[in-house]
Amino acid sequence: MTTVAISGLPVATVINAADIVPFVQSGTTKSISKTLLFTSPTIATPTMTGPILGTVTSGNISACTSTSMVLTTPVLGTVTSGNISACTSTSMVMVTPVLGAATATSLTAAGNVLINNSSGKAGYTTGAGSTVVQTASRISPSGDVLINRPTGSITLFSAAGSTTAVSFIVSNNTVTATDVIILNQKSGTDKYDLMVTSVAANQFEITLRTTGGTTVETPVISFAVISGAVS
């Protein structure tokens with residue numbers, strides 16, 4: 001038999017199931033079919049050397065370990081709904097948020113509400129106040145007035161000033177029994193002593209007198225209701 005090198009054999013372009021392939025097993029040359037060659041070997045489970053990921057639950061990847069993964073600073077997009085919570089990072093820098101005009105109907109603070117601007121003020125703005133005029137006298141009950149706003153002004157009935165104190169009731173549905181009422185004399189020639197001598201639900205009483213003047217005029221009193229509490 002003529003010896004032919006493997007490199008000298010004709011080249012096959014396909015291999016059929018029944019074709020024979022020579023191989024050496026334990027020093028003995030044997031033959032094996034294509035079918036047996038590709039069905040007999042046992043394929044071992046591959047071993048992962050990359051990152052090990054924990055259980056994915058509800059969209060979260062947790063308990064991840066790796067010796068080669070590099071985490072970069074996260075880039076967060078615009079939050080349009082929902083909450084971002086339990087975020088940790090060694091390189092993220094939190095900056096003080098810039099708050100615009102508050103449009104909520106109420107604000108309750110557990111701590112202090114402070115103003116650190118030289119032009120800032122706490123109080124009421126346009127739309128919160130109103131005005132009312134006494135039309136009959138300065139003495140209750142004909143001198144009583146109605147103004148359902150937390151701030152505003154009361155124009156007194158035209159009369160001569162007197163050092164004798166007089167009182168009238170201001171009906172106001174924004175007032176509670178624990179509120180504090182602030183009074184100021186806005187206008188008038190005579191100087192008036194202004195006192196709040198009673199505060200109850202939906203009303204307060206103003207008592208006033210001059211310091212000595214007797215001018216016939218219509219002074220204006222400004223007031224503001226400050227929410228109070230006893231507990």
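The values are calculated or read from the model by the stated rules, or taken from the named source; none is laboratory data. Please read these numbers as outputs of a predicted model, since none were measured by experiment. FYI the Cβ positions are ideal-geometry reconstructions off the backbone, even for glycines, and counts take in every protein chain you see.
Considering (1) surrounded by 12 or more Cβ atoms within 10 Å (Cβ to Cβ); (2) free of Cβ contacts under 8 Å to residues at least 60 places away in the same chain, the lone condition that F157 does not fulfil carries the number (2). Note on the range 215-231: residues that are surrounded by 13 or more Cβ atoms within 10 Å (Cβ to Cβ) and farther than 21 Å from R149 by Cβ total 1. Figure legend. Inter-residue proximity from the range 94-113: first residues farther than 15 Å from T125 by Cα and modelled with pLDDT of 85 or more, second residues exposed (fewer than 10 other Cβ atoms within 10 Å of the Cβ) and hydrophobic (A, V, I, L, M, F, W, C), beta-carbon distance below 8 Å, spacing 6+ or different chains. Indicated pairs: V113/L107; V113/A122. Going by what's in this entry, would G152 be described as surrounded by 16 or more Cβ atoms within 10 Å (Cβ to Cβ) and in contact with a Lys or Arg (Cβ under 7 Å, 6 or more places away or on another chain)? Answer is no for this residue.
Within the range 1-23, being outside any loop (DSSP other than H, G, I, E, B) and either within 18 Å of F38 (Cβ to Cβ) or in contact (Cβ under 8 Å) with a residue 40 or more places away in the chain (or both) holds for I20, V21, P22, F23.
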